[in-house]
1. In the stretch 301-320, how many residues are over 17 Å from the mean Cα position of the chain (by Cα), touching a residue at least 40 places away in the same chain (Cβ under 8 Å) and part of a loop (DSSP other than H, G, I, E, B)?
2. Considering (1) under 28 Å from residue 235 (Cα atoms); (2) touching a helix residue (DSSP H, G or I) at 6+ places or on another chain (Cβ under 8 Å); (3) in contact (Cβ under 8 Å) with a residue 60 or more places away in the chain; (4) not in a loop (DSSP other than H, G, I, E, B), say which one residue 151 fails and leave the rest.
3. Go through 208, 197, 214 for me and flag whichever is assigned to a strand (DSSP E or B) and either touching a helix residue (DSSP H, G or I) at 6+ places or on another chain (Cβ under 7 Å) or modelled with pLDDT under 95 (or both).
4. Would you check which residues across the stretch 44-94 are in a strand (DSSP E or B) and touching a helix residue (DSSP H, G or I) at 6+ places or on another chain (Cβ under 6 Å) and list them?
5. Inspect the stretch 32-41 for any residue being closer than 23 Å to residue 235 by Cβ and modelled with pLDDT under 95 and give the result as yes or no.
6. Could you say which residue among 203, 243 is at pLDDT 95 or above, assigned to a helix (DSSP H, G or I), touching a helix residue (DSSP H, G or I) at 6+ places or on another chain (Cβ under 8 Å) and closer than 29 Å to residue 285 by Cβ?
7. What number of residues in the stretch 156-177 are part of a helix (DSSP H, G or I) and either more than 14 Å from the chain's Cα centre (by Cα) or on the phi > 0 side of the Ramachandran plot (or both)?
8. Since residue 98 meets every condition but one in (1) outside any helix (DSSP H, G or I); (2) touching a residue at least 60 places away in the same chain (Cβ under 8 Å); (3) crowded, with 18+ Cβ neighbours inside 10 Å, which condition does it not meet?
């Protein structure tokens, strides 16, 4: 698991060099070409669907053409004071997950589903309950430290789970199953469940909040706007579905279904790895009253933003106690995150 995290870091850097992903200038040029190609078909540089993502899922059947994906294997049993290794029921069977234990204070607590980056699942080692460097801590520890209930799920085909891995599709349905499981835990407030993810998990958080209507808010750290754009870079796993079918790519791309968002959704990325496409998404969100809020973090990259951003998110969640969510991020909040990176 630890080696995979470092491998993921190396591949992200290589991919950035290949695609100039950190260069807004290069990305702008790429986006202009896309917009020119689609001129006349849409007023945006991509097809913005009016259909709900859950409805789109119900009508679509993915075509799997590669079954070479291998999960991380059975997760390690964690220390009971940190996590419980549990199973939640999903479409293809029982899926492994880590869940923080009952604090035994008789209260119902807010809860976060933390979606890890990379591919393979939640690992087979002690990664999530050991100290990690602050500049690349993908454990979601800020939520545990704040006393927020935390669930770290794996999905179909990952770890040793049943089902077939299909990349940003079936696991979105499993994420909703995980949320439903979490909502029934006695020490969880079912009206205060949030989804937070980084990288691959950040993309899943965006898609998950488009698919589900049960999350109070969603937070994506370094997710992607569009899968077709991501596949132009290096990938450390084979693509399982038929990439020749454009519908396979659209249904896995957050920007296509951003109109599905109903609860507040917040996106963060360090300026070194920021996808310029989110600038257009920000404009579309404002024009269409979509609750999507986007932040380009100065001095940040894909990894060093995780610790300061999750700490601020945890503070926001603890103070979000009303009937409806009150979470917003002020200029001062963003400045606090950016100053912590100096």
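The values are calculated or read from the model by the stated rules, or taken from the named source; none is laboratory data. Since we're looking at a predicted model, the values are computed, not measured. With ideal geometry, Cβ positions are generated from the backbone for all residues, glycine too; neighbour counts draw on all protein chains shown.
1. 1
2. Evaluating residue 151 over (1) under 28 Å from residue 235 (Cα atoms); (2) touching a helix residue (DSSP H, G or I) at 6+ places or on another chain (Cβ under 8 Å); (3) in contact (Cβ under 8 Å) with a residue 60 or more places away in the chain; (4) not in a loop (DSSP other than H, G, I, E, B) leaves (3) as the failure.
3. On the way: 208 fails: assigned to a strand (DSSP E or B); 214 fails: assigned to a strand (DSSP E or B).
Being assigned to a strand (DSSP E or B) and either touching a helix residue (DSSP H, G or I) at 6+ places or on another chain (Cβ under 7 Å) or modelled with pLDDT under 95 (or both) holds for just one of 208, 197, 214, which is 197.
4. 88, 90
5. Just the residues of the stretch 32-41 that are closer than 23 Å to residue 235 by Cβ, to begin with: 33-34.
Okay, now just the ones that are also modelled with pLDDT under 95, so 33-34.
Checking the stretch 32-41: at least one residue is closer than 23 Å to residue 235 by Cβ and modelled with pLDDT under 95.
6. Working: 243 fails: assigned to a helix (DSSP H, G or I).
Exactly one residue qualifies, and that residue is 203.
7. Here is the first cut: in the stretch 156-177, the ones part of a helix (DSSP H, G or I) are 170-177.
Keeping just the survivors that are either more than 14 Å from the chain's Cα centre (by Cα) or on the phi > 0 side of the Ramachandran plot (or both) gives 170, 177.
Selection size over the stretch 156-177: 2.
8. Of (1) outside any helix (DSSP H, G or I); (2) touching a residue at least 60 places away in the same chain (Cβ under 8 Å); (3) crowded, with 18+ Cβ neighbours inside 10 Å, only one is false for residue 98: (2).
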